[in-house]
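What follows is a single structure, written as structure tokens, with notes after it.
The values are calculated or read from the model by the stated rules, or taken from the named source; none is laboratory data. Values in this document were obtained by computation on a predicted structure and should not be read as measured data. Cβ placement follows ideal geometry from the backbone for every residue including glycine, while neighbour counts extend to all protein chains displayed.
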Amino acid sequence: MKQTLEVQLGAVVRQLFGVEVDAQLTRPEEQFGDYATNVALQLSKKLGKNPREISEALAVKLREILADQVSEVSVAGPGFINLKLSGKALINTLTVKPAKSLQGQSIVAEYSDPNPFKVLHAGHLYTSLVGDAVANLMEYAGAKVHRVNFGGDVGLHVGKTVWAVINELGGEHPEKLANIPDEAKLDWISQRYVTGNTAYDENESAKQAIIAANKRVYELHDSNDHNSPFAKIYWICRQWSYDGFDALYERLKMAPFEKYYPESAVADLGLATVKKHIGSVYKESDGAVIFRGEEYGLFTQVFINSEGLPTYAGKDVGLIYQKYQDFAPDRSFIITDAAQKDHLAVVMKSISLYAPKLVATTTHYTHGQIKMAGGIKMSSRKGNILRASDILEAAAETAKELFEKENLDTVLAAVRYAFLKNRIGGNIIYDPAESVSLEGNSGPYLQYAHARARSILRKVDDSKNPKSGISDELEAGERSLARKIGEYPEVVNQAVAELMPHYVCTYLYELAQVFNRFYEDNRVIGDPREAWRLELVSHYANTLKEGLKILGIAAPDRM
């Protein structure tokens, strides 16, 4: 409806004034109408006329050509035009679906990106859930989405962990790893990383041993060594990490990843690509290979270190190329911690100088810090991290206190919505009590809102209550609810265009509030307008369920 009206508004402007203008409609407060436009104010600068005069002329013509869609066209203030839809037009919006604006596009969505040999922290939980929702949005808009994951199974952090594991075991004794209980494996590994990191910073001999261990990890990949004691320690501990990742994703009920890229799988491609462009893009410096980012307002970054190994930057080059080779996507989406922003900016700038298409089609979103209300700032280097499991356990404990039982769907709704309702980019303070509340802007509140609507619909036997014809004359409460339901396609279209799921969250919360007011003031069962109102309740419940599905939140029929 909105797009159709904008096209018609643009046609009227051309007819009356002979100019092209970006005629846009917005949603004003309900008392002013269903749509509003400031096109007359835009035209006044071009035409040198009073905007009120322009708006009056437009209003006359709009009343004429939109008579079957709009019941009222009014002019307000210095020249704003407000449109009120007819009852029939408003009812027609209930069945309008969001646009398939990404139909036919192939998109790679990279998110989560946890590193083996380190604990899954709250930031990984955030990127996992938000990335999953963004991928849902793109799929909903018609795209073929390839969900991928990336993690550092080689690199200095692995050297630190493996060195500390060997020290803890009293040597290269992989058989001793069998003594670690299954439930303790991830914490045990993450503690080894902390130990190794501390030793690297404080002990020169340990630092050199860690550097040597790091090099041995690369060598075992090159030689495909799975049998030496050192290799067995590496592969066993790596698998522990992967098992932990899979367990978390299963617990979160996320859509499965199509591909997982270990850094070891893209390191050689990154190394070869960087070497190919030494001299033209990258420069040799003190035995390493660097990119001088200062020339582009960035900073210098090492892509190949003095040991001849690719750094994080070098491996990111390999990843970007590998994703393109595997999927040849039209677009690529990445979400990471904000700490990666400047790093990836340097990587992308360097690639843009020899493969501009790969950079032009890539969108990198970042998020801020994730903290618990009253909690600590996370730091996996120091070990005082806020783990993904800490967030989930806090939500579960709070939900159990409130509902006297533990419901996984409620816990996931609480955490997902708490993350998703905030615009991507800022810091997040997670409050367990707020996230599970049934009285505020929360996931469980929306689940309850859906269940409440379904309970109303269950009270009626459709075979005994045939639907009557819908009158174009809507009562005030009916009109408000129909109007809000009709906004759904516009909200989803905006969320898809910006890849921002928080728009859907805000809309669903507002929709539930409008429904609550409607239900308080308007009898449904037993009212002469029962059939129409039940249909309206059904549209509301279906819209709520569809929006929650995009967010990855279950919509239970009963709670």
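Tabulated data for the structure shown
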{"quantity": "Yes/no for Leu43 being crowded, with 21+ Cβ neighbours inside 10 Å and either under 17 Å from Val491 (Cβ atoms) or without any contact (Cβ under 8 Å) to a residue 24 or more places away in the chain (or both)", "calculated": "no"}
{"quantity": "The stretch 527-559, residues that are buried (at least 17 other Cβ atoms within 10 Å of the Cβ), under 24 Å from Asn407 (Cα atoms) and of a type in the set (Lys, Arg)", "calculated": "Lys545"}
{"quantity": "The stretch 383-408 - residue that is out of contact with any Lys or Arg (no Cβ under 8 Å at 6 or more places or on another chain) and in contact (Cβ under 8 Å) with a residue 60 or more places away in the chain and, of those, surrounded by the fewest Cβ atoms within 10 Å (Cβ to Cβ)", "calculated": "Gly383"}
{"quantity": "Single residue of the stretch 323-341 satisfying the filter (exposed (fewer than 15 other Cβ atoms within 10 Å of the Cβ) and in contact (Cβ under 8 Å) with a residue 60 or more places away in the chain) that is nearest to Val148 (Cα to Cα)", "calculated": "Asp326"}
{"quantity": "The listed residue being without any contact (Cβ under 8 Å) to a residue 40 or more places away in the chain and more than 37 Å from the chain's Cα centre (by Cα), out of Glu175, Glu250, Glu183", "calculated": "Glu175"}
{"quantity": "Where a residue in the stretch 202-223 is on the phi < 0 side of the Ramachandran plot and its partner, wherever it lies, is in a loop (DSSP other than H, G, I, E, B), with Cβ under 7 Å and at least six apart", "calculated": "Lys215/Glu307; Val217/Val154; Tyr218/Val154; Tyr218/Leu309; His221/Val154"}
{"quantity": "Residue in the stretch 281-299 that is of a type in the set (Gly, Ala, Ser), part of a loop (DSSP other than H, G, I, E, B), under 24 Å from the mean Cα position of the chain (by Cα) and more than 30 Å from Tyr234 (Cα to Cα) present", "calculated": "no"}
{"quantity": "Test: residue in the stretch 409-429 that is within 28 Å of Asn542 (Cβ to Cβ), at pLDDT below 90, of a type in the set (A, V, I, L, M, F, W, C) and not in a helix (DSSP H, G or I)", "calculated": "no"}
{"quantity": "Close pairs (9 angstrom Cβ cut-off, 6 or more residues apart or separate chains): at positive phi and in contact (Cβ under 8 Å) with a residue 40 or more places away in the chain in the stretch 122-148, assigned to a loop (DSSP other than H, G, I, E, B) and of a type in the set (S, T, N, Q) anywhere", "calculated": "Gly142/Ser101; Gly142/Gln103; Gly142/Gln105"}
{"quantity": "Any hit, the stretch 315-322, residues being among the β-branched types (Val, Ile, Thr), surrounded by 14 or more Cβ atoms within 10 Å (Cβ to Cβ) and under 29 Å from the mean Cα position of the chain (by Cα)", "calculated": "yes"}
{"quantity": "Selected residue (criterion: nearest to Ile233 (Cα to Cα)) from residues of the stretch 184-210 that are surrounded by fewer than 18 Cβ atoms within 10 Å (Cβ to Cβ) and among the hydrophobic types (A, V, I, L, M, F, W, C)", "calculated": "Trp188"}
{"quantity": "Residue in the stretch 145-160 that is more than 28 Å from Gly426 (Cα to Cα) and under 19 Å from the mean Cα position of the chain (by Cα) present", "calculated": "no"}
